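Everything below concerns the one structure shown next.
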Amino acid sequence: MPEGLEAEIWRRACEPLVGRAIVAADLDDRVVAEGFTDAVIGATFSAARRRGKVVLLDTDRATIGLHFGMTGRLVVDGDASIDKLAYASGRDDPAWDRLVLFATPAGRVGPPALRFNDPRRLGRISLDPDLDHLGIDFDEVTQRRLTVALAGRSGVLKSLLLDQHVVAGLGNLCVDEVLWWADLDPRRTADSLSPAELERLAKVIRRRLPIMLARGGSTTGVLSPAVRATCPPCERDGTPLERASVGGRTTIWCPRHQH
Ligand SMILES: [Zn+2]
């Protein structure tokens, strides 16, 4: 599913909305928060932010929260930023639009300012979401913050890094990727990590994720979807990668250099 990296790509795509006023909205009320239309029609976008996997569109009246499900995507001014996204269907069917916003200057003439398109209807759109429960954002991870977040935790690394209360924005692909780069076995428990290992993990999160972001998101790592599907020899040492369920999620790792 879309991870924090995809949300960041969409957040950036939303920046051209800032300063524009919302003039009309078409919505699927099974997915969009109650009172949405009253809250946002006539409001002006003031910022495009992100917390974890949630894109936040501030207006001068309310903040719109875009929570993506398995298949959701965003089209801004007619342009889908992540059309190559592995999870997104290549089809763009307006029947799957859950929220369509029209904004100045085009109004209802020309492409909508924003379309939240979600075939499986697993995403949702909130107003003024409370995100206080989220952990450190993936792009603000430091050794110190990570040490605090994992302190006293006896759970396995894979599960804890996926837990949005611990680190916000990491999904299944990015967690496997950072553990591969940090030489850490996903089945290790957090309380077994030495300070040096925590430092290595924090460094990898800070260094590798921006590279993947620049390449196009969570599918662009060493453990890409193609690699995950076939488990070829590890790029680093030639040992066949392993695949198993760890913490209930499909996990890929190298049994040789990750320990
Ligand atoms: Zn390896």
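Only the coordinates and a few stated rules stand behind these numbers; no lab work does. Owing to the predicted nature of the structure, the values given are computational and were not obtained by experimental measurement. Because the Cβ atoms are built from the backbone with ideal geometry, glycine has one as well, and the counts that use them run over all protein chains shown.
Tabulated data
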read-out	value
Net charge of neighbours whose Cβ lies under 9 Å from the Cβ of Glu197, counting Lys and Arg as +1 and Asp and Glu as -1	0
Rg over Rh [alpha-carbon atoms, Kirkwood Rh] for segment 129-200	0.93
Distance between modelled label sites at Asp28 and Leu131, nm, 7 Å Cα→Cβ extension	2.2
Pairwise FRET efficiency - His165 versus Asp92, Cβ, R0 = 41 Å, nearest 0.05	0.75
Top positive-direction residue, dipole computed over segment 38-81 with Cβ charges, set Gly65, Val40, Val54	Val54
Any cysteine of the chain lacking a neighbouring Cys Cβ under 4.7 Å - listed by number	Cys14, Cys174, Cys231
Estimated dipole of segment 140-259 in Debye, rounded to 20 [Cβ of Lys and Arg +1, of Asp and Glu -1, Cα centre]	160
Ratio Rg/Rh, restricted to segment 141-181 and using Cα atoms, in which Rh is the Kirkwood radius	0.93
Alpha-carbon centroid distance for the pair segment 169-239 / segment 23-64, whole angstrom	34
Exposure proxy ranking, count of Cβ atoms within 10 Å, fewest first, for Glu235, Glu197, Glu6, Glu34	Glu34, Glu235, Glu197, Glu6
Percent breakdown of C-alpha pair distances by 10 Å bin, ordered from the shortest bin, for segment 149-237	17, 51, 29, 4
Rotationally averaged projected area of the chain (alpha carbon convex hull; nm²)	13.7
Neighbourhood net charge (12 Å Cβ-Cβ; Lys/Arg +1, Asp/Glu -1) for Ile41	-1
